[in-house]
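Notes follow the structure.
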Amino acid sequence: MEAPAAAQGPAEPSRAAEPAPDVEITVTSPEQMRELGRRLAGLLRAGDLVMLSGELGAGKTTLTRGLGEGLDVRGAVTSPTFVIARVHPPLGDGPPLVHVDAYRLSGGLDEMEDLDLDVSLPDSVIVVEWGEGKVEELTEDRLRVRIDRAVGDTTDEVRHVTVTGLGERWTTADVGVLAG
């Protein structure tokens, strides 16, 4: 014989918010990728982590260049592959942009500890290329941007960008504005 079910009180809110719906965008030129970065900058604020993934040459740095323009930061945004990270201070009242390229790093957040990303995060926008599996521990609230392109011997400029907001911060943000 089964015991009667215990009385249930109000459901406790979940600590981890459901991911926001993916936004899919087709980009057909480097200038459109930069424009996407400028639009994305309008959604970002200090404390935001953006993880970029995609094949070599997909447009991660081009997107970040547009992001830097939209955030109005100092200095040319170039690939930080060999220096690992660059900090671009704001020219106005906005947050600094910390641009990290984790391509050459094989470990997780421990290997990146010297970059002090956890210290920079509250006051900066941090963009990490090749960050999957390496920086998720920084915060539950992050924006994942995947850029897919044709591979092989092709001059095809078309990119398919998928933007996914993770964590409570992104459940109310209108990421759909990035689509156009």
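Only the coordinates and a few stated rules stand behind these numbers; no lab work does. Keep in mind the model is a prediction, meaning the values are calculated, not measured. Cβ atoms come from the backbone with ideal geometry, glycine included; neighbour counts cover every protein chain shown.
Please compute the Kirkwood hydrodynamic radius over region 125-178, one decimal place, Å, based on all pairs of different Cα atoms. Before the final figure, lay out each step's value.
Numbers: mean 1/r = 0.0763 Å⁻¹.
One decimal place: 13.1 Å for the Kirkwood radius.
Quick one: Karplus J couplings for region 56-72, per residue in order, coefficients 6.51, -1.76, 1.60, θ = phi - 60°, nearest Hz, x for Gly and Pro?
With coefficients 6.51, -1.76 and 1.60, one gets 4, x, 6, x, 4, 6, 4, 4, 5, 4, x, 4, x, 5, x, 7, 6 Hz.
What shape does region 37-109 take by its C-alpha gyration tensor, where a ≥ b ≥ c are the square roots of the eigenvalues and a/c under 1.5 counts as rounded, a/b above b/c as prolate, and the rest as oblate?
Because a/c hits 1.5 or more and a/b exceeds b/c, region 37-109 counts as prolate.
Short version: ³J(HN,Hα) in whole Hz for each residue of region 40-51, in order, from phi by Karplus 6.51 cos²θ - 1.76 cosθ + 1.60 (θ = phi - 60°), x for Gly and Pro, what are they?
4, 4, x, 8, 8, 8, 3, x, 8, 10, 10, 9
If the only charges are +1 at each Lys and Arg Cβ and -1 at each Asp and Glu Cβ, what is the size of the charge dipole of region 123-180 around the Cα centre, to the nearest 20 debye? Could you put the intermediate results ahead of the total?
Details: 7 positive and 13 negative charges, 20 e Å.
In total the dipole reaches around 100 debye.
What does the net charge come to around Leu91 if you take all other residues with beta carbon closer than 12 Å to its beta carbon, with K and R at +1 and D and E at -1? Show your work: numbers first, answer last.
Values: positive: Arg74; negative: Glu69, Asp72, Asp93.
After counting each charged neighbour, the total is -2.
Specify the inter-centroid distance of region 82-101 and region 29-48, based on alpha-carbon positions, in whole Å.
Value for the Cα centre distance between the two parts: 14 Å.
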